[in-house]
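Quick one: the structure is below, and I'll ask about it shortly.
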Ligand SMILES: *Cc1c(COP(=O)(O)O)cnc(C)c1O
């Protein structure tokens, strides 16, 4: 496991400044207000101590793709008297048997991808008296391995979600095909945005103001296609991993 030190804190401070600047520049190029784009710092590559350092340099919205790691880091943050307050976003596949324990730690779920999961999340959230901000993950990429719902199945899920009010639908999440490159990536993000616009008309009872698209390699394309959340991992950990 990588070790946190004064050096890593300094590297992270520079990386965080650079990522914020790059995102701001991409917003400017797309004629958008950077205040409308949240950087979700993806901390899955490192342990709890380095994750605290990322929060210390200013990144206060953190994304993880494994529930067990959220438990571990959540507890670590709570055990450190001076660790900053952070919001945890679940961005990976969410196993139903992990929902109960994870829910109270989450500010947002980006990866709702089935009705079965939705029912469990609704049940557990209702039990706990909470409402979870949730994005439906769409599979728009060509990669067979990618997760998310095929666009054709999304209306059925959204219809069912009308009866699961502990899930507050906020928008869509998607990952572009890896290594597709500029124009193809942009086309995929544009198709997510178009789907979002159609769904917003079709389902006025749900909100679709959030679009979680874009990672270290394609956040510029994502921002020009309307991303409100970019999930940035590797760029933040440059010089450390
Ligand atoms: C790892 C991961 C990211 C971050 O990807 P980078 O290329 O490291 O920026 C974003 N989204 C999801 C769902 C991930 O699993």
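Counting other beta carbons within 10 Å of each Cβ, put 33, 218 in order, fewest first.
So the residues, fewest neighbours to most, are 33, 218.
What is the order of 225, 10, fewest Cβ neighbours within 10 Å to most?
Ranking 225, 10 by Cβ neighbours within 10 Å, fewest first, gives 10, 225.
Express the Stokes-Einstein translational diffusion coefficient of the chain in µm² s⁻¹, to the nearest whole number, given a Kirkwood radius over alpha-carbon pairs, 25 °C and a viscosity of 0.890 mPa s.
Answer from the Stokes-Einstein relation: 134 µm²/s.
Against the globular-protein guess of 2.2 N^0.38 Å, express the Cα radius of gyration of segment 145-241 as a ratio, rounded to two decimals.
Here the Cα radius of gyration is 1.17 times the empirical estimate.
May I pose another question? Can you give the FRET efficiency to the nearest 0.05 for residue 146 and residue 10, using r as the Cβ-Cβ distance and R₀ = 51 Å?
Working from the Cβ atoms, E equals 0.90.
Count the DSSP beta bridges whose two residues both fall in segment 121-188, then state the antiparallel fraction as a percent rounded to the nearest 5.
Rounded to the nearest five, the antiparallel share is 0 percent.
Let me ask something additional. Under a crude label model (7 Å from the Cα following the beta-carbon direction), how far is residue 205 from residue 75 in nanometres?
4.0
For labels at residue 35 and residue 21 in the simple 7 Å Cα→Cβ model, what's the distance in nm?
2.3
Sticking with this structure for a sec: Just for the Cα atoms in segment 1-64, what are the lengths along the principal axes, largest first, rounded to whole Å?
40, 22, 15
Taking every DSSP beta bridge with both residues inside the chain, roughly what % is antiparallel (nearest 5)?
Antiparallel bridges: around 0 percent, rounded to the nearest 5.
A short reminder: the numbers here are calculations on the coordinates, not readings from a lab. These numbers were taken from a predicted model, which means no experiment stands behind them. Methodologically, a virtual Cβ is constructed for each residue, glycine included, from the backbone with ideal geometry; neighbour enumeration extends over all protein chains shown.
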